[in-house]
Each structure stands twice: as structure tokens, then as C-alpha cells.
1. Grab the alpha carbons of the stretch 99-187, take their convex hull, and tell me the volume per residue in Å³.
2. Suppose R0 equals 41 Å. What FRET efficiency, 1/(1 + (r/R0)^6) with r the Cβ-Cβ distance, do D52 and R156 give to the nearest 0.05?
3. Counting other beta carbons within 10 Å of each residue's own, what order do Y53, Y67 fall into, fewest first?
4. Determine the gain in length on full extension of the stretch L84-R190; use 0.36 nm per residue of separation and subtract their C-alpha separation, reporting nm with one decimal.
5. Do the alpha carbons of any pairs in K60/K85; K64/K177; K150/K177; K64/K140; K85/K131; K131/K177 sit beyond 26 Å of each other, and which pairs?
6. Note down the nm distance, to one decimal, between modelled labels 7 Å out along Cα→Cβ at E149 and at K131.
7. Which of E191, E199 has the fewest other C-beta atoms within 10 Å, and how do the rest follow up to the most?
Amino acid sequence: MARYTGASCRQCRREGTKLFLKGDRCFSEKCGVERRAYPPGQHGQGRGRTSDYGLQLREKQKVKRMYGLAEDQFRGTMEAASRLKGRAGENLLVLLERRLDNVVFRLGFATSRAEARQLVRHGHFTVNGRKTDVPSFRVKPGMRITLREKSREISRVTEALEALERRSVPGWLELEKEAFTGVVKAMPTREDITMPIQEQLIVELYSR
């Protein structure tokens, strides 16, 4: 299935929470969830009780949309998480956090993951000095993610860095702002992910 190209705010409203898909707009009074806190569509305000399967599906859709993955990508990540030691749900979130596009977003080089994904695809970043244009690349501790010198005048990047005070860089990452570089200090943990996610519901969905 092709990537969703409709209004991002509809996705947030459908999941009933902010997914921070629109950058600065999500922090303003124009936020769709703030203005209309009910699902989109003509029956959005009249929906009743959701089944157990419905709750599991909604949780999966929420996380998939939050990180901007297609269904096949998300399923593949879930399968990889299930093969690792430990809890599959926590492994899933850690693998998603380690994606290069998410790290670029977390470091503050972009105001949304979609914007970060575009920057990565266009080759604006290097990892340990090597150009890397694969958004799904998984970072490891010790890696340095640097904005290429010729890309440091991009207005969207400088604006994103200036607005970084609205959200903090997580503890497992370190931003060297003057050098336009981020360092992966450690592997992310479940405590580093502050979004309201019930990952066990996703595990139950794929266990059916």
C-alpha cells in the first residue's frame, strides 16, 4: 500500500492523541486534536465501545503512524523485535527509536519525523563521516550523526534547532549544536520513550 498522503491532523484525531506529525503546528492552537478532540468523519462523535481487537489495532496504527512506517516495514520490525532477548514490546520501541530518521528528529534537526526522513533521504547527514541516506538505518552507541557542511544553511534545519527548547534531547543522545553533530551515548531504554504507548497491545495483536 502506498504511503499516506492525506492531512496529518486527521491521523492524530483518529488516534485521539498528538502524534507530533506537523512540527510547530502541534504546539499551537491550530492543532487538530486541540480543536476537534474526536475522530474524523461524519460518525466520529458517535462511535461507541471498542472491542479488544479494536484497541490492539488502534495502538498498532498509532505507533506506526507516529514513526511514519508502512505496514510491511512495521511488521518486519515487530518480527525482528520478537527474535531479540527480553520483552518484544520494549524491543520494538527501542528498534524504532534507533532509526536514523527518528534520531535526526530527536536531536532537533527537524520538527517532525517526516521532515527528518526527507533530510536523510536527500543525503544531508553522515554517520561516522560516511554519507547515509537510509532512514531505517539503526544507530549504535558511539556513532556520530553530523549535518553535512553544505547543508547547514538550510532554513528548516536552523529554524528547528532554534525551536528545540519546546522539546528536550533524550538522555541517550547528546547534541553538539555548534558542530551540527549528535552523538549516540547509549542504547535507548523504555523510560526514554515518554509518549503514551501500550506496546503490549501491539504484541497481542501480532500474536493472534
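Bear in mind that the values in this text are calculations on the coordinates, not laboratory data. Note that the coordinates shown come from a computational prediction; the quantities given were computed from them, not determined experimentally. We place every Cβ from the backbone using ideal geometry, glycine too, and count neighbours over all the protein chains shown.
1. Convex hull volume per residue, Cα atoms: 80 Å³.
2. Result of the calculation: an efficiency of 0.45.
3. Y53, Y67
4. Length gained between L84 and R190: 36.7 nm.
5. Long pairs (Cα-Cα over 26 Å): K64/K177; K85/K131.
6. 1.5 nm
7. Arranged by neighbour count, lowest to highest, E191, E199 become E191, E199.
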